[in-house]
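Just below is one structure, and these are the notes that go with it.
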Amino acid sequence: IQEHLSSGKPLPAKPIIITFDDGGRDNWDAFLELKEQGFAAVFFVVTELLDDRTHLSTEQLRIMSAAGMEIGSHALHHYNLTRINLSAAEKEIKDSKVWLSALLQRPVITFCYPYGGYNQDTISLVKEAGYSFARTTQQGLAEISTSNYALRSIRIHNFFSADLLARTLEGYGTYIALRQ
């Protein structure tokens, strides 16, 4: 999408961006499967949770990034940014970006609002921090032309069967041919 916006590179007819939130250990298994299938995804991580027993390690993030996965910020601590003061929200947004950029040795351009909590103040902070995109948890199709800082998503859970996934996407006028 970044190349589309900056250079006009065409997008597929119905582009799909696969994202994962929180950086849990199970994201490693998802990464391995995506890599095997030749897909890429965006993994939004909470930086202060990395390297504990239930989340990804910093070494895994480096490997994922080097393999073509995008690593985005999900803040430092996973606080609802609309429920903390603005200076604390600014720290959550900026410091996580700086830390991840240093770790990965590349720009971090995407942000995901913890708990989907955002408002005009947090959107401004995300823009000021230098992110290109921010994802919400608001259900629906993302439209880049509307706002790059309040992108909607279709939530898919790990318990979805292939049939339920297809029905969910069809409800949005989107169809994916699933391999059996």
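The values are calculated or read from the model by the stated rules, or taken from the named source; none is laboratory data. Every value quoted in this text rests on a predicted model; they were computed, and no experiment measured them. Ideal geometry is used to build each Cβ from the backbone, glycine not excepted, and the neighbour counts take in all protein chains shown. Please note that ligands, DNA and RNA were not included when accessible areas were found on the heavy atoms of the full protein model with its side chains. Shrake-Rupley method; radii C 1.70, N 1.55, O 1.52, S 1.80 Å.
Can you say whether Leu125 is under 23 Å from Arg155 (Cβ atoms) and open to solvent by 10 Å² or more (accessible area, probe 1.4 Å), as far as the supplied structure shows? No: the conditions fail for Leu125. Per this entry, Ser96 is counted among residues that are touching a His at 6+ places or on another chain (Cβ under 8 Å), in contact (Cβ under 8 Å) with a residue 12 or more places away in the chain and either more than 19 Å from His157 (Cα to Cα) or not polar (S, T, N, Q) (or both). Candidates in the stretch 1-25 are the residues that are part of a loop (DSSP other than H, G, I, E, B) and β-branched (Val, Ile, Thr); of these, the one that is modelled with the lowest pLDDT is Ile1. In the stretch 60-92, of all residues being in a strand (DSSP E or B) and in contact (Cβ under 8 Å) with a residue 40 or more places away in the chain, the one that is most open to solvent (accessible area, probe 1.4 Å) corresponds to Glu70.
Residue-level analysis places Trp28 outside the set of residues that are modelled with pLDDT of 95 or more, assigned to a helix (DSSP H, G or I), open to solvent by 70 Å² or more (accessible area, probe 1.4 Å) and aromatic (Phe, Trp, Tyr). Give me the residue from the stretch 128-167 that is open to solvent by 80 Å² or more (accessible area, probe 1.4 Å) and among the polar types (S, T, N, Q) and, out of that set, farthest from Lys91 (Cα to Cα). So, considering only residues that are open to solvent by 80 Å² or more (accessible area, probe 1.4 Å) and among the polar types (S, T, N, Q), the one farthest from Lys91 (Cα to Cα) is Asn158. Is it the case that the stretch 36-59 has a residue that's in a helix (DSSP H, G or I), touching a strand residue (DSSP E or B) at 6+ places or on another chain (Cβ under 8 Å) and either modelled with pLDDT of 95 or more or surrounded by 18 or more Cβ atoms within 10 Å (Cβ to Cβ) (or both)? Checked the stretch 36-59: at least one residue is in a helix (DSSP H, G or I), touching a strand residue (DSSP E or B) at 6+ places or on another chain (Cβ under 8 Å) and either modelled with pLDDT of 95 or more or surrounded by 18 or more Cβ atoms within 10 Å (Cβ to Cβ) (or both).
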